[in-house]
Structures are given as C-alpha cells and as structure tokens.
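This report concerns only the one structure given below.
The values are calculated or read from the model by the stated rules, or taken from the named source; none is laboratory data. From a predicted model like this one, the values you see are computed outputs, not experimental measurements. FYI the Cβ positions are ideal-geometry reconstructions off the backbone, even for glycines, and counts take in every protein chain you see. Please note that ligands, DNA and RNA were not included when accessible areas were found on the heavy atoms of the full protein model with its side chains. Shrake-Rupley method; radii C 1.70, N 1.55, O 1.52, S 1.80 Å.
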Amino acid sequence: MKAEIIAVGTEILLGDIVNTDAQVISLGLDELGIDVYYQTVVGDNPGRLREVLDIAKKRSDLIITTGGLGPTLDDLTRETIAEAFGKKLVLHQPTLRRITAFFDQIGREMTQNNVKQAMLPADCKVLENNWGTAPGCAFEADGVHVMMLPGPPRECTPVFRTAGMEYLSKLAGGVIVSHVVHIFGMGESQMEDRLHDLMEKSVNPTLAPYAKDGECLVRVTAKADTAAQAEQLLAPAVQQVCDMLGDVVYGIDIGSLERAMAEVMTEKGLTLSVAESCTGGLLSKRITDVPGASKFYKGGACTYCNEIKMKVLGVKKETLDKYTAVSTQTAGEMARGIAQAYGTDIGIGITGYAGPDGGEDGTPAGTVHIGIFYNGETQVRTIHSPRGRENARRDAANHALDLILRAAKK
C-alpha cells in the first residue's frame, strides 16, 4: 500500500507547533509494512484541503489525516473529506453520549457546537478516543482507504497506536513483527558498511539501520501469518546482527542506554553516584527518568567550580593547578571522590568544555573527560564532540552511561 499523511492545521504551517503526529504515524506504518510516499501540511481552509485530497486520491491507497476534528468553525476536516468521497455525515449516538458524559463529569455545560464531533461518515469504523472528545474514524471509498485522527498529539498518538493500527493491520495482511537492536560506540556509516551484504540479501526479515541521538539502531522486521512464525524468522536474524556488530550492541528492544544500564545495575545489586561539571545534571536527569532508579542510584553532585570539586569530591588542589579542571586526572579524582563520599560501588566524574569556548591552553570545545571508579580502579574516557554545546553534553552523558553499563556487566 502507498500511504499519504495529511496534517491539517494553520498552526503547523506557521511553525507554532511541530508536526510530531506525522512522525508517530510514519513509524507505526513502517511497523505494519505500509510505505509512506507523501506527507502534506495544509491550513484550516476547506478549499485547499479539498485540492490536496483530490491529488492524494489519485496517487495513494491510504490517506491518513490529522487535525480539524474539533468543535470550532475552522475544524472542517470531517466535512471536507465526506464531501470529497461522497460520504454522508450522520450522528453517531454512542459518541454523542460519551461527549455528553465527559462534560457532565467535569461539571461544564456542553455547547451545541460539540455535537458536530459526533457527526461521522456513514458506515465508517469509529476509532474511539479515550483521551479527548473527538473520535477518529476510517472508511473505504473510491478504492481508497481513509483514516481521520484528532490533531493534539496527546490524543493522536494513543488513538493511532491502538485503534488505528489495529484497523490497518487487517489491510496490511498477515502479521508484522519487529525487534530493534541498539548500538552505541559505532557510527552509522561503519555500521551500515558492516551489515551491507546482509542487508542486500535479506528479504524477510528485512534490516533497516538508522541513527538517533548519538547512537545507532537496526530494526529487524519479519512478516508471517502469525506472530509466532514471525518470531521464528526474527530470532536468527537478530542474532546474526548482534554477532556481526559485537560488543557495541547494548540491548534488544531496550529503549535507551539509561534503561539498559538500570536493568543491569538492578540485576547485579550495584549502587551508583555521579559528579557532573559540564553536563550540569543531565546525566542524573537521564538516570532518574527511569522508573525504579532509586534502587541503585544514590545521588549526584553538580560541581561546576574548583572550590566545590575540592570540598565535596576531594579533588586535590595540586591536580587542578597542574592539570586544570578539564583533564583526565581531575575526571578520575571526581569519580573516586563521589563514590567514596556517597559510599557507592560505582562513581562517575564528568568534566569538559561543552562550548562554545575551549580551554585557555588550546583544548578545543567539545572535549570531555569521563571518569569511572569501580572495584578500586579508575578509568577515564576522553571524547571530542565539536558540534555544539547540546551535542557535547548529550554525548558525554551517553558515554558515561556506556561506561557504567560495561562496568556493571563485568
């Protein structure tokens, strides 16, 4: 199937909001094996929306729209699509009852314009919205499948991921299952080069590599009549990818470095503390984003100035005078100092020049030293991330998480 996503909303055209709905839908369609050929954004104008729909009807098998399903005058997606496909709008009583109950629950009077949200194309499949008042819907007409979804991401995402994908999975035929191999410590081009021959000959399962937030992923996808059959196809393919990439693979379907790290730390019963300088608490934030982090994470210190590095972490004045605050020596002493101060199995120390300026000694911006103290030994990794302050801080946190994960696995 060839799919097209049409986002309706003048606020998207003006740049007031980012079209995250399209990303969510594209990723979901990819899981189902449905190819997205086009994405379009059109304002809240029925004439221009009709023009876009007329073009989409000629080139796409599936049209998914977001936005324009609300109660206001400019919410005209439902009406315009019904007209374009010759569908009559009828009152859907279960939806009206649900909307009425919602207003009763919050103690507000329901105005008459809310009734239009219950006007849906005749014989459509209603996609229930438990996160808002406007439901989604889907139907087939003129040889094209059409799906309308609410615009707010907090509604669009769950409606699509539940009712929407269930509806589309029946159109795709069979069952499609994917697993994601997470990689850190290897660039996208090197990863693609190593997997190139395997990717070329793989038909089912297929391999799709991509980069995301300083790391790489390989999505391995199989299609079969049942989920069990798809898993049988996936198991050897996923293992082959892992064998070819080696120890840069840190997990399967794990979600993030911090989640992988938290899983191993909890399993091993280890404790952790961190001392941050240039990352300014970013590492601590990412660690505590993981539910259950309190089982292993004892705390952190943001030691930006030398005085605090000495008082809180016990970094030697001679070390700072001789090697400066941004050095492998300081990073190592920070890691050891925080572990001893907090009584943890593992300690992390991060110091560097996030940018835009480097050091007075000529050390370039983006140079960061990450120290780890574990089992009485200190190790320091130095990275160079010259692509701006945000990237330098993110990369430093990634490398710190990788060091913790590797130490915990030993």
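Scanning region 70-86 for residues that are in a loop (DSSP other than H, G, I, E, B) and at pLDDT 95 or above, which turns out nearest to the chain's Cα centre (by Cα)?
Within region 70-86, the match that is nearest to the chain's Cα centre (by Cα) is PHE85.
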Practice task
Look through region 375-410, keep the residues that are without any contact (Cβ under 8 Å) to a residue 60 or more places away in the chain and touching an Asp or Glu at 6+ places or on another chain (Cβ under 7 Å), and return whichever of them is surrounded by the most Cβ atoms within 10 Å (Cβ to Cβ).
Solution key: SER385
Exercise for the section: Find the residue count for region 166-185, including only residues that are within 10 Å of LEU32 (Cβ to Cβ) and open to solvent by less than 20 Å² (accessible area, probe 1.4 Å). Expected result: 1
Problem - Residue match in region 197-209 (condition: at negative phi, part of a helix (DSSP H, G or I) and either under 18 Å from the mean Cα position of the chain (by Cα) or surrounded by 17 or more Cβ atoms within 10 Å (Cβ to Cβ) (or both)) - result: no
Completion exercise
In the set VAL52, VAL41, the lone residue that is in a helix (DSSP H, G or I) and either surrounded by 21 or more Cβ atoms within 10 Å (Cβ to Cβ) or at pLDDT 95 or above (or both) is VAL52
Practice task
Could you please let me know if LEU313 is within 20 Å of ALA341 (Cα to Cα), open to solvent by less than 20 Å² (accessible area, probe 1.4 Å) and in contact (Cβ under 8 Å) with a residue 60 or more places away in the chain?
Solution key: no
Problem - Output for region 260-274, where each listed residue is surrounded by fewer than 19 Cβ atoms within 10 Å (Cβ to Cβ) and of a type in the set (S, T, N, Q) - result: THR266, THR271
Handout entry: Odd one out for ASP213 among (1) touching a residue at least 60 places away in the same chain (Cβ under 8 Å); (2) surrounded by 14 or more Cβ atoms within 10 Å (Cβ to Cβ)
Key = (2)
Completion exercise
Of the residues in region 298-311, those that are outside any loop (DSSP other than H, G, I, E, B) and either of a type in the set (Gly, Ala, Ser) or under 14 Å from THR351 (Cβ atoms) (or both) come to GLY299, GLY300, ALA301, CYS302, ASN306, ILE308, LYS309, MET310
Problem - Looking only at region 232-259, and only at residues there that are touching a strand residue (DSSP E or B) at 6+ places or on another chain (Cβ under 6 Å) and of a type outside the set (A, V, I, L, M, F, W, C), the one that is surrounded by the fewest Cβ atoms within 10 Å (Cβ to Cβ) - result: ASP253
Handout entry: Leading residue by the ranking (surrounded by the fewest Cβ atoms within 10 Å (Cβ to Cβ)) among those in region 275-297 that are assigned to a loop (DSSP other than H, G, I, E, B) and out of contact with any strand residue (DSSP E or B) (no Cβ under 7 Å at 6 or more places or on another chain)
Key = PRO291
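Kindly check whether there is at least one residue in region 252-274 that is part of a helix (DSSP H, G or I), touching a residue at least 60 places away in the same chain (Cβ under 8 Å) and acidic (Asp, Glu).
Applying the first criterion (part of a helix (DSSP H, G or I)) to region 252-274 yields 257-268.
From what's left, touching a residue at least 60 places away in the same chain (Cβ under 8 Å): 257-258, 260-261, 264-265, 268.
Retained after the next criterion (residues that are acidic (Asp, Glu)): 258.
Yes, region 252-274 contains a residue that is part of a helix (DSSP H, G or I), touching a residue at least 60 places away in the same chain (Cβ under 8 Å) and acidic (Asp, Glu).
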Handout entry: Residue satisfying condition, being in contact with a helix residue (DSSP H, G or I) (Cβ under 9 Å, 6 or more places away or on another chain), among the hydroxyl-bearing types (Ser, Thr, Tyr), within 30 Å of VAL249 (Cβ to Cβ) and surrounded by 18 or more Cβ atoms within 10 Å (Cβ to Cβ), within set THR95, THR157, THR80, THR133
Key = THR157
